[in-house]
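*Asks:* Please see the structure below; I have some questions.
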Amino acid sequence: MKENAASRVVFILLLFLNASLLNGQSPPGKPKLIKCRSPGKETFTCWWEPGEDGGLPTNYTLTYHKEGETLIHECPDYITGGPNSCYFSKKHTSIWKMYVITVNAINQMGINSSDPLYVDVTYIVEPEPPANLTLELKHPEDRKPYLWIKWFPPTLTDVKSGWFMIQYEIRLKPETATDWETHFAAKQTQLKIFSLYPGQKYIVQVRCKPDHGYWSEWSPESSIQIPNDFPVKDTTVWIFVAVLSAVICLIMVWAVAFKGYSMVTCILPPVPGPKIKGFDIHLLEKGKSEELLRALESQDFPPTSDCEDLLMEFIEVDDSEDQQLMPRPSKEHMEQGMKPVRLDADSDSGRGSCDSPSLLSEKCDEPQAHPSKFHTPEGPEKLENPETNLTCLQAPQSTNREGKLPYFHANGPKSSTWPFPQPPSLYNPRYSYHNIADMCELALGMAGTTATLLDQTDQHALKPSKTIEAGGEGKAAKQRESEGCSSKPDQDTAWPLPQDKTPLISAKPLEYVEIHKVSQDGVLALFPKQNEKVGASETSKEYSKVSRVTDSNILVLLPDPQVQNLTLLEEPAKKAPPALPNPAEAALAVSPTTPGNCRLQLGWGLGPAGFMHLQ
Amino acid sequence: MKHTFYTFLKAFTGSRLLLLLVVSNLLLCQGVVSTPVCPNGAGNCQVSLRDLFDRAVMVSHYIHNLSSEMFNEFDKRYAQGKGFITMALNSCHTSSLPTPEDKEQAQQTHHEVLMSLILGLLRSWNDPLYHLVTEVRGMKGAPDAILSRAIEIEEENKRLLEGMEMIFGQVLPGAKETEPYPVWSGLPSLQTNDEDARYSAFYNLLHCLRRDSSKIDTYLKLLNCRIIYNNNC
């Protein structure tokens with residue numbers, strides 16, 4: 001019985017529950033406060049979002065209490081703000097006080113309260129949009145026409161007393177456009193727009209923002225039609241453009257007038273010849289492809305680019321830092337003056353192989369009384385060496401001119417290039433060229449002749465293995481002109497000092513010669529360098545016989561088999577190895593382009609390779 | 001010997017005094033306004049009240065902006081979901097000052113009272129701002145946004161106080177302005193070891209700073225429109 005009663009009660013309860021569930025009735029869902037906003041810092045409104053109503057009619061109430069008070073109030077006005085809102089009038093609004101607001105949902109089944117919202121009216125200010133937006137087209141007589149936009153501050157904001165401070169923003173666009181053009185108008189209530197397209201219908205909107213708060217919504221659109229005859233030419237822009245282009249034209253004319261040539265060369269630089277080592281234009285011209293290819297083969301390929309650049313740029317001089325290259329007084333002769341080169345005491349200055357055996361061919365220069373003096377050759381100069389068998393050769397005009405001047409390596413512990421013009425005081429007797437000068441002297445029987453092998457005008461350093469004379473198949477090197485030994489007063493030549501450090505030069509078939517001595521009768525004693533061994537070879541071959549002169553003004557020398565084992569000058573010989581840790585290639589003369597310049601040309605070739613062709 | 005020594009000392013001190021005078025003059029000249037302060041009712045006063053008010057309004061606006069940003073930054077970083085706001089009610093040390101709470105009250109308040117209130121608020125914040133900077137610096141991982149703003153606010157607060165004193169001197173010459181101001185005593189809670197309690201203390205301080213800077217800003221703008229523009233801003 002009891003069990004029956006209990007089960008019955010349970011059954012009824014379940015039935016009841018089921019019934020209610022089937023009806024869908026439940027306590028209301030939790031409401032949620034969305035936001036509160038104050039339009040003028042004097043009143044504010046709060047809105048909430050109701051939850052599920054649980055199937056029953058649900059009432060919502062809003063309760064709050066202020067900071068520092070315990071009394072709980074209910075919302076004074078549920079209507080003014082619309083559905084699900086609460087409006088707090090001036091009487092009920094306090095600034096700088098926190099409101100703790102809660103919304104309660106009540107229905108038959110129960111009550112559900114939202115999470116409290118903490119609100120300080122100071123920080124929820126969002127004004128209404130500005131009111132009474134008016135547009136007007138104005139055509140003042142002597143000024144440009146414009147669109148005059150006016151508006152009023154939004155309602156509910158007390159600007160006059162300073163309680164509320166507003167900033168405005170305008171945006172407008174032609175009706176058909178997509179992007180708005182926005183203008184910030186600060187605190188003013190009018191704006192003038194000048195740049196308008198005629199014949200278009202413009203739409204304008206305005207909005208505002210308190211000094212601390214949120215931006216308002218955009219006001220309703222106002223539109224205005226711009227008449228077709230609205231003058232819109234903005235000549236100022238065109239005037240500015242015209243003036244600017246005139247200025248630019250003037251500058252260009254001036255630049256062309258004064259620097260025409262250099263500009264032209266800058267814009268259209270002269271086409272350089274092929275810089276392929278061992279590649280000889282003349283071979284190509286003659287059509288001797290076999291020799292050309294052979295010459296090419298013997299070279300290290302491809303040449304290192306940095307070497308070329310360096311060689312083209314300047315000539316280094318080894319040794320002390322204070323040795324400066326100073327151009328001769330008559331520097332103006334130089335066409336494109338060689339840049340004075342700082343003596344580079346560091347053989348590993350990064351120029352690598354360029355520093356090492358590089359042969360400078362130089363123009364004939366004035367012989368100096370001081371044997372150790374070396375001067376850059378001045379402009380067009382002639383080398384004359386009447387007392388020797390050497391002749392000054394005109395360098396063939398060829399595009400290989402752009403080849404590099406071989407560097408002169410000063411002696412000393414490191415290899416470096418020749419000094420460019422240097423004052424006598426800076427001369428370092430350690431330089432190997434000194435020895436050559438001595439030899440020159442001996443050879444020419446002149447004292448104090450110095451030779452410089454610099455070809456300054458050319459500004460090119462020819463790599464030792466730059467080109468291969470086409471005709472030098474296995475012939476001896478060309479005879480080197482020891483123009484430096486000439487007694488011509490205005491010419492100095494220095495012996496190019498062969499040094500070999502460059503890997504550019506292949507061992508075969510090119511061989512390089514180092515000048516050992518100059519014999520009494522002006523014969524150069526050269527000894528070939530087999531490879532990069534330091535030191536003089538045992539045997540030296542004397543190349544004093546000119547076999548022929550090639551088309552490109554190169555003397556081809558033949559070794560003189562009868563004169564062997566010439567005694568080398570001890571001093572230069574001794575000096576040479578320490579001075580030239582890496583014996584350089586045979587010096588090559590660089591021939592400047594200008595006619596009349598002497599060029600030292602030295603080619604050395606043993607075997608089928610032929611010789612270098614210096615240009 | 002002694003005589004010469006004394007004369008030398010006198011001369012030296014005399015020149016030193018002169019130097020001191022010169023230097024102090026130079027320093028004094030570098031004020032908020034480079035023009036001399038108007039003595040009461042002086043005719044050729046260089047600084048106009050309008051300029052003073054303009055400047056003061058600018059500075060107070062700036063301080064309130066910085067305070068709001070600093071508070072938002074701190075809230076975002078350290079106070080999310082912690083319910084610090086509940087503890088921040090009634091936590092401001094300046095709540096003892098009788099400040100008007102809405103526009104009507106403010107408009108009915110005489111500008112002497114308003115200006116005294118502003119001065120009291122500014123003075124009462126000197127000390128807390130100083131400690132705020134020190135403690136924020138020591139806070140681990142204190143973001144630069146908060147620290148830099150705290151430093152800036154401290155400086156600007158001093159500047160505004162000077163300006164307000166000048167304005168007070170011009171608008172109400174002769175009135176006494178030595179009202180006592182509320183003293184802040186929240187330093188121990190800023191230095192407590194309990195991290196949550198410390199962050200709560202910071203939250204309160206920044207919350208109160210934001211509110212008080214808003215009050216100062218609003219009152220100044222009210223006074224500006226009332227005195228300079230005759231309620232016709």
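The values are calculated or read from the model by the stated rules, or taken from the named source; none is laboratory data. All of these numbers come straight from a predicted model, not from anything done at the bench. Glycine gets a Cβ as well: all are built from the backbone with ideal geometry, and neighbour counts include every protein chain shown.
*Asks:* Any residue in the range B:194-201 that is more than 13 Å from every other protein chain (Cβ to nearest Cβ) and of a type in the set (Phe, Trp, Tyr)? Spell out how you get there, then give the answer.
*Replies:* As a first pass, look at the range B:194-201 and keep what is more than 13 Å from every other protein chain (Cβ to nearest Cβ): B:194-201.
Restricting the remaining residues to those that are of a type in the set (Phe, Trp, Tyr) gives B:199.
Yes, the range B:194-201 contains at least one residue that is more than 13 Å from every other protein chain (Cβ to nearest Cβ) and of a type in the set (Phe, Trp, Tyr).
*Asks:* Can you name the residue in the range B:65-81 that is within 11 Å of chain A (Cβ to nearest Cβ) and without any contact (Cβ under 8 Å) to a residue 60 or more places away in the chain and, of all such residues, is farthest from B:Val113 (Cα to Cα)?
*Replies:* Looking at the filtered set, the residue picked out is B:Asn72.
*Asks:* Being within 17 Å of A:Ile124 (Cα to Cα) and among the small types (Gly, Ala, Ser) is the filter here; which residues of the range B:56-102 pass it?
*Replies:* Within the range B:56-102, B:Ser67, B:Ser68 qualify.
*Asks:* Here's a check for you: in the range A:39-58, which residue that is more than 14 Å from chain B (Cβ to nearest Cβ) and among the acidic types (Asp, Glu) is surrounded by the most Cβ atoms within 10 Å (Cβ to Cβ)? Walk me through it before giving the result.
*Replies:* Pass one, the range A:39-58, residues more than 14 Å from chain B (Cβ to nearest Cβ): A:45-58.
Of the ones still in play, those that are also among the acidic types (Asp, Glu) are A:49, A:52-53.
Working: A:Glu49: 12, A:Glu52: 15, A:Asp53: 20.
So the residue we want is A:Asp53.
*Asks:* List the strands (runs of 3 or more DSSP E) that sit entirely inside the range A:59-147 and contain at least 1 residues that are within 14 Å of chain B (Cβ to nearest Cβ) and buried (at least 18 other Cβ atoms within 10 Å of the Cβ).
*Replies:* A:59-66, A:85-88, A:98-107, A:117-120
*Asks:* OK, next. Can you spot a residue in the range B:42-64 that is surrounded by 10 or more Cβ atoms within 10 Å (Cβ to Cβ), touching a Ser or Thr at 6+ places or on another chain (Cβ under 6 Å), at pLDDT 75 or above and within 14 Å of chain A (Cβ to nearest Cβ)?
*Replies:* The first filter runs over the range B:42-64 and keeps only residues surrounded by 10 or more Cβ atoms within 10 Å (Cβ to Cβ), leaving B:42, B:45-64.
Cutting the leftovers down to touching a Ser or Thr at 6+ places or on another chain (Cβ under 6 Å) gives us B:46-47, B:63-64.
Going one step further and asking which of them are at pLDDT 75 or above, we end up with B:47, B:63-64.
Right, trim to within 14 Å of chain A (Cβ to nearest Cβ) and you get B:63-64.
Yes, because at least one residue in the range B:42-64 is surrounded by 10 or more Cβ atoms within 10 Å (Cβ to Cβ), touching a Ser or Thr at 6+ places or on another chain (Cβ under 6 Å), at pLDDT 75 or above and within 14 Å of chain A (Cβ to nearest Cβ).
*Asks:* Another question about this same structure. Scan (1) in contact (Cβ under 8 Å) with a residue 24 or more places away in the chain; (2) closer than 21 Å to A:Val125 by Cα for the single condition A:Lys91 breaks and write down its number.
*Replies:* (1)
*Asks:* Separate question: Restricting attention to the range A:194-224, report how many residues are more than 14 Å from every other protein chain (Cβ to nearest Cβ) and at pLDDT 90 or above.
*Replies:* Taking the range A:194-224 as the starting set, the residues that turn out to be more than 14 Å from every other protein chain (Cβ to nearest Cβ) are A:194-208, A:215-224.
Those still in the list that are at pLDDT 90 or above too: A:201-208, A:215-224.
Of the residues in the range A:194-224, 18 are more than 14 Å from every other protein chain (Cβ to nearest Cβ) and at pLDDT 90 or above.
*Asks:* Let me ask something else about it. Just to be sure I understand, how many residues within the range A:148-185 are part of a loop (DSSP other than H, G, I, E, B) and under 54 Å from the mean Cα position of the chain (by Cα)?
*Replies:* Quick first cut of the range A:148-185, residues part of a loop (DSSP other than H, G, I, E, B) only: A:153-165, A:175-180.
Now drop any that are not under 54 Å from the mean Cα position of the chain (by Cα), which leaves A:165, A:175-180.
Residues meeting the conditions: 7.
*Asks:* Let me ask something else. Does any residue in the range B:207-233 that is at the interface with another protein chain (Cβ under 9 Å from one of its Cβ atoms) and under 9 Å from A:Lys160 (Cα atoms) come within less than 7 Å, Cβ to Cβ, of a residue that is of a type in the set (Val, Ile, Thr) and surrounded by fewer than 22 Cβ atoms within 10 Å (Cβ to Cβ) six or more places away or on a different chain, and which pairs are these?
*Replies:* Taking only residues 6 or more apart or on different chains, the pairs are B:Cys233/A:Val159.
*Asks:* Count, please, the residues in the range B:82-111 that happen to be farther than 28 Å from A:Ser89 by Cα and more than 12 Å from chain A (Cβ to nearest Cβ).
*Replies:* Within the range B:82-111, residues that are farther than 28 Å from A:Ser89 by Cα and more than 12 Å from chain A (Cβ to nearest Cβ) number 2.
*Asks:* Pick from the range A:148-165 the residues that are among the hydrophobic types (A, V, I, L, M, F, W, C), touching a strand residue (DSSP E or B) at 6+ places or on another chain (Cβ under 7 Å) and under 17 Å from A:Thr43 (Cβ atoms): which of them is farthest from the other protein chains (Cβ to nearest Cβ)? Steps first, answer last, please.
*Replies:* Of all residues in the range A:148-165, those among the hydrophobic types (A, V, I, L, M, F, W, C) come to A:148-149, A:151-152, A:156, A:159, A:163-165.
Restricting the remaining residues to those that are touching a strand residue (DSSP E or B) at 6+ places or on another chain (Cβ under 7 Å) gives A:148-149, A:151-152, A:159, A:164-165.
Filter again for under 17 Å from A:Thr43 (Cβ atoms), leaving A:159, A:164.
Working: A:Val159: 6, A:Phe164: 9 Å.
So, considering only residues that are among the hydrophobic types (A, V, I, L, M, F, W, C), touching a strand residue (DSSP E or B) at 6+ places or on another chain (Cβ under 7 Å) and under 17 Å from A:Thr43 (Cβ atoms), the one farthest from the other protein chains (Cβ to nearest Cβ) is A:Phe164.
*Asks:* Does the range A:183-226 hold any residues that are more than 30 Å from A:Trp163 (Cα to Cα) and either exposed (fewer than 11 other Cβ atoms within 10 Å of the Cβ) or in contact with a helix residue (DSSP H, G or I) (Cβ under 7 Å, 6 or more places away or on another chain) (or both), and which are they?
*Replies:* A:Ser195
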